[in-house]
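Chemist: To start, I am sharing the structure in question, which I have written as structure tokens.
The values are calculated or read from the model by the stated rules, or taken from the named source; none is laboratory data. None of the values given here were measured: they were computed from a predicted structure. Positions of Cβ are backbone-derived with ideal geometry, glycine not excepted, and every protein chain shown enters the neighbour counts.
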């Protein structure tokens, strides 16, 4: 037990405290950052695939999160709200960058030797990069963040059935992309 005064305070109360005195706000922000910082950064990194971009979006996510608390809004789902902010910033980042995978880079990345784990993980990352953004985001939220379909639907602002279809299609596209390499691994 760390003895921190904010350990047992619910997320919504900590969010409310962000608009309090400087000391209260700092303690609340520190606790929320400790609770969800790793999860948000992992999401940004998986979504964007570039550490520098992910770090920028991650920091901007928490800045916007803090600023939103100054607007006296009601908060019921802090992790969902943080992921929604991160999602929107990731989408903006990818849209602004017009992210593409060069054919030569793809060629050099997708020739795994033997069954080395790191190269296979790079291959999966490349497959994720090739997915359309709407498939990639729901796939990451489901498979890497472990969110339910309902939570994903709330974050991305889509219907439950639409989320299920996108996840199914994302898995199907990843399977199609990886099929030749999985076959090569199994031989």
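Chemist: Please state which one of 124, 167 is loosely packed, with under 15 Cβ neighbours inside 10 Å, within 19 Å of residue 44 (Cα to Cα) and outside the structural domain of residue 49 (by TED's automatic domain parsing).
Modeler: Answer to the check: 124.
Chemist: Further question: I need the full set of residues from the range 119-152 which are over 15 Å from residue 87 (Cα atoms), outside any loop (DSSP other than H, G, I, E, B) and within 13 Å of the chain's Cα centre (by Cα), in order please.
Modeler: 128, 143
Chemist: Scanning the range 17-43 for residues that are in contact (Cβ under 8 Å) with a residue 40 or more places away in the chain and touching a helix residue (DSSP H, G or I) at 6+ places or on another chain (Cβ under 6 Å), which turns out surrounded by the most Cβ atoms within 10 Å (Cβ to Cβ)?
Modeler: Looking at residues that are in contact (Cβ under 8 Å) with a residue 40 or more places away in the chain and touching a helix residue (DSSP H, G or I) at 6+ places or on another chain (Cβ under 6 Å), I get 43.
Chemist: Identify the residue in the range 158-187 that is modelled with pLDDT of 90 or more and not in a helix (DSSP H, G or I) and, among all such residues, is farthest from residue 49 (Cα to Cα).
Modeler: Only one residue fits best here, namely 159.
Chemist: Yes or no: the range 33-44 includes at least one residue that is in a helix (DSSP H, G or I) and more than 17 Å from the chain's Cα centre (by Cα).
Modeler: The answer is no, given that none of the residues of the range 33-44 is in a helix (DSSP H, G or I) and more than 17 Å from the chain's Cα centre (by Cα).
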